[in-house]
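Asks: Okay, handing you the structure first.
The values are calculated or read from the model by the stated rules, or taken from the named source; none is laboratory data. Since this is a predicted model, take the numbers as computed values, not measurements. Note that we place each Cβ from the backbone using ideal geometry, even for glycine, and neighbour counts take in every protein chain shown.
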Amino acid sequence: MVEFQHKHLFVGPTDGAPVARVIIILPTWKSRLNKDSNQYSHQGSARSNDARTIEAIGLAEAINLDVIKTINVSIARTRAATLFGKGKVEELRHEVSDNNVDLVVVDGALSPLQQRNLEKEWSTKVLDRTGLILEIFSARARTREGRMQVELAHLTYQKSRLVRSWTHLERQRGGLGFVGGPGETQIESDRRMISERISKLQRQLATATSTRKLHRKGRKKVPFPIVALVGYTNAGKSTLFNRLTNANVFAQDQLFATLDPTMRSIELPSGKKLMLSDTVGFISDLPTDLIAAFRATLEEVLEADILVHVRDASSKESDVQKEDVEEVLEHLGVSRQAEHIVEVFNKIDLLDDDERDALKTSAERPSHPIALSAQTGEGVDQLLHALDAMLTQHDQLFSVHFPPEDGAVLAWLHANGDVQGRTDQADNITLSVRLSPEDTSRFQKRFGYDLHPEAMPLAAQ
């Protein structure tokens, strides 16, 4: 049976010469909010055209495509067959021909019919935004589970687009998803084979999900809280992860530098330990199929005790990007108003002095985003203290008495609690120890000693 594994012509996402000459088309619709203004929207988004253009170029360059031109196209009415009007399609055909283009990227969603018709009209391959993101994800995935998730998303997306590229002969010779295609004679056979492959991947990912749940259960037996970094792609999550954990996770100034989740333990100022998780970056119009395929990985987000929403303070689109992230989180079942979300303004080192000082001043007020630079380390201590405060806000201070020979109790309390004081007597030891509700329950089940509540010092509350 043929394996439907997506392959690529390039060595790596940033290695070697560009693999194709590309024109990017950015469809825009006149704003419905103010018909007299000169504002345009991208399928209802408030994102500016400049920001969209920069992001679209970044997406293309992430897989080493040579962007030779970007074209903004205003659309008054969407055409079911070609998206654009007949005259605009003809005008763009000349652009494609005159610039010797290998690929056209449409920064929006195309139906299979629109994609096929535009390819015929322009005599070149066409990718929409979803297809381009899937190409990047195919290039970035490193772990077996990550590759399976990307392949599942790719196959689900491509199932209705077999006339374009997903025929068995093309896969046998490899190549980019948008390069070539021997015809339609194998379409029905391929559709059946793709369906079978999708079912197999879903079973394998279900097994991976079960394994991940077992790992989570294992962690709960030694219950380190989980803190997950989330945010728009290229907000600096991996750089912050590396700063906090002294790890060496791939972090680069490009979109979707991280795909496969990474977890490391860190110690907070109080001595409390936690598991920090770096997750895939979100993006506007993230394909639903891709969110579904990556749900097994993103369950770490749902299981997290705290979500750190990392925002790019240097981006003019920071507020819009925040909306995009919150939409994806809501799709996963996390409310925008969730109390366990900590907001962080990253990259303050890229701001001028006045902007940086203003952010740092506002960060001193309760409920305001923490201002920091993952690159330089400025403000990172403030984040650690904030995480400490959140994770210990429900802790209680207890006195516990036990005989000196019971060393297991002493070791356990030092390992799992925050010991504040100790009094030694001939027949017993008294510890003043701060415990979380979970550790309180675990201690009493394991050792059976009484815990006597104490008043919490004001400085520790």
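Asks: Can you name the number of the only condition in (1) at pLDDT below 85; (2) over 12 Å from the mean Cα position of the chain (by Cα); (3) on the phi < 0 side of the Ramachandran plot; (4) of a type outside the set (Gly, Ala, Ser) that Asp285 fails?
Replies: For Asp285, the exception is condition (3).
Asks: Also: Check off (1) at pLDDT below 85; (2) touching an Asp or Glu at 6+ places or on another chain (Cβ under 8 Å); (3) more than 28 Å from Ala415 (Cβ to Cβ) for Leu259 and give me the number that stays unchecked.
Replies: It is condition (2) that Leu259 fails.
Yes/no per residue for (1) surrounded by fewer than 20 Cβ atoms within 10 Å (Cβ to Cβ); (2) among the acidic types (Asp, Glu); (3) at pLDDT below 90:
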residue	(1), (2), (3)
Ala313	no, no, no
Ile348	no, no, no
Glu355	yes, yes, no
Pro366	yes, no, yes
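Asks: Shifting gears a bit: Just to be sure I understand, how many residues within the range 347-364 are without any contact (Cβ under 8 Å) to a residue 12 or more places away in the chain and in a loop (DSSP other than H, G, I, E, B)?
Replies: So the answer is 2.
So that you can scan it fast, the table gives a plain yes or no per residue for (1) surrounded by 11 or more Cβ atoms within 10 Å (Cβ to Cβ); (2) touching a Gly at 6+ places or on another chain (Cβ under 8 Å); (3) among the hydroxyl-bearing types (Ser, Thr, Tyr); (4) under 27 Å from Ser314 (Cα atoms):
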{"residue": "Leu372", "(1), (2), (3), (4)": "yes, yes, no, yes"}
{"residue": "Leu384", "(1), (2), (3), (4)": "yes, no, no, yes"}
{"residue": "Leu391", "(1), (2), (3), (4)": "yes, no, no, no"}
{"residue": "Val400", "(1), (2), (3), (4)": "yes, no, no, no"}
{"residue": "Leu410", "(1), (2), (3), (4)": "yes, no, no, no"}
{"residue": "Asn428", "(1), (2), (3), (4)": "yes, no, no, no"}
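Asks: Restricting attention to helices (runs of 4 or more DSSP H) lying wholly within the range 85-151, give those where 1 or more residues are among the polar types (S, T, N, Q), under 23 Å from the mean Cα position of the chain (by Cα) and under 25 Å from Glu55 (Cβ atoms). Steps first, please.
Replies: Numbers: elements: 86-98, 112-122, 129-140.
Those helices (runs of 4 or more DSSP H) span 129-140.
For (1) at pLDDT below 90; (2) in contact with a helix residue (DSSP H, G or I) (Cβ under 7 Å, 6 or more places away or on another chain); (3) surrounded by fewer than 20 Cβ atoms within 10 Å (Cβ to Cβ), each residue gets a yes or a no:
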site: Thr70; (1), (2), (3): no, yes, yes
site: Glu90; (1), (2), (3): no, no, yes
site: Glu95; (1), (2), (3): no, no, yes
site: Val104; (1), (2), (3): no, yes, no
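Asks: Looking for whichever is assigned to a helix (DSSP H, G or I), at pLDDT below 75, surrounded by 17 or more Cβ atoms within 10 Å (Cβ to Cβ) and in contact with a Lys or Arg (Cβ under 8 Å, 6 or more places away or on another chain) here; the options are Arg171, Arg164. Which one fits? Don't jump to the end; show me each part of the working.
Replies: Values: Arg164 fails: assigned to a helix (DSSP H, G or I).
Criteria check complete, one pass: Arg171.
Asks: Next question, about the same structure. State all residues of the range 368-379 that are under 22 Å from Ile306 (Cβ atoms) and in contact with a strand residue (DSSP E or B) (Cβ under 9 Å, 6 or more places away or on another chain); if no residue qualifies, say none.
Replies: From the range 368-379, those under 22 Å from Ile306 (Cβ atoms) are 368-374, 377-379; that's our starting set.
If the condition is that a residue be under 22 Å from Ile306 (Cβ atoms) and in contact with a strand residue (DSSP E or B) (Cβ under 9 Å, 6 or more places away or on another chain), then His368, Pro369, Ile370, Ala371, Leu372, Ser373, Ala374, Glu378, Gly379 are the ones that fit.
Asks: Here's something else I'd like to know. Only one of these conditions is not met by Glu405: (1) part of a loop (DSSP other than H, G, I, E, B); (2) under 30 Å from Ala235 (Cβ atoms); (3) out of contact with any Phe, Trp or Tyr (no Cβ under 9 Å at 6 or more places or on another chain); (4) at pLDDT 90 or above. Which number is it?
Replies: (2)
Asks: Of everything in the range 233-256, what is more than 14 Å from the chain's Cα centre (by Cα), aliphatic (A, V, I, L, M) and modelled with pLDDT under 65? Give them in sequence order.
Replies: Once the filter is applied, which keeps residues that are more than 14 Å from the chain's Cα centre (by Cα), aliphatic (A, V, I, L, M) and modelled with pLDDT under 65, the range 233-256 yields only Val249.
Asks: Answer yes if at least one residue in the range 373-381 is under 23 Å from Thr440 (Cβ atoms), assigned to a helix (DSSP H, G or I), within 27 Å of the chain's Cα centre (by Cα) and assigned by TED's automatic domain parsing to the domain that holds Ala304, and no otherwise. Explain how you work it out, then say what you get.
Replies: First pass over the range 373-381, keeping only residues under 23 Å from Thr440 (Cβ atoms): none.
No: the range 373-381 contains no residue that is under 23 Å from Thr440 (Cβ atoms), assigned to a helix (DSSP H, G or I), within 27 Å of the chain's Cα centre (by Cα) and assigned by TED's automatic domain parsing to the domain that holds Ala304.
Asks: If you check Glu317, Glu343, which single one turns out to be over 22 Å from Glu267 (Cβ atoms), without any contact (Cβ under 8 Å) to a residue 40 or more places away in the chain and among the charged types (D, E, K, R)?
Replies: One residue alone meets the criteria, Glu343.
Asks: The conditions are (1) of a type outside the set (Phe, Trp, Tyr); (2) in a strand (DSSP E or B); (3) touching a Pro at 6+ places or on another chain (Cβ under 9 Å); (4) modelled with pLDDT under 95, and Val344 fails exactly one of them. Which is it?
Replies: For Val344, the exception is condition (4).
Asks: Confirm whether Val334 is assigned to a loop (DSSP other than H, G, I, E, B) and under 16 Å from the mean Cα position of the chain (by Cα). Full working, then the answer.
Replies: Details: assigned to a loop (DSSP other than H, G, I, E, B): yes; under 16 Å from the mean Cα position of the chain (by Cα): yes.
Yes: the conditions hold for Val334.
Asks: Within the set of pairs 6 or more residues apart or between chains, which connect a residue that is touching a residue at least 24 places away in the same chain (Cβ under 8 Å) inside the range 194-213 to a residue that is loosely packed, with under 15 Cβ neighbours inside 10 Å and of a type in the set (Asp, Glu) with Cβ atoms less than 8 Å apart?
Replies: Listed by first residue and then by second, the contacts come to Arg197/Glu3.
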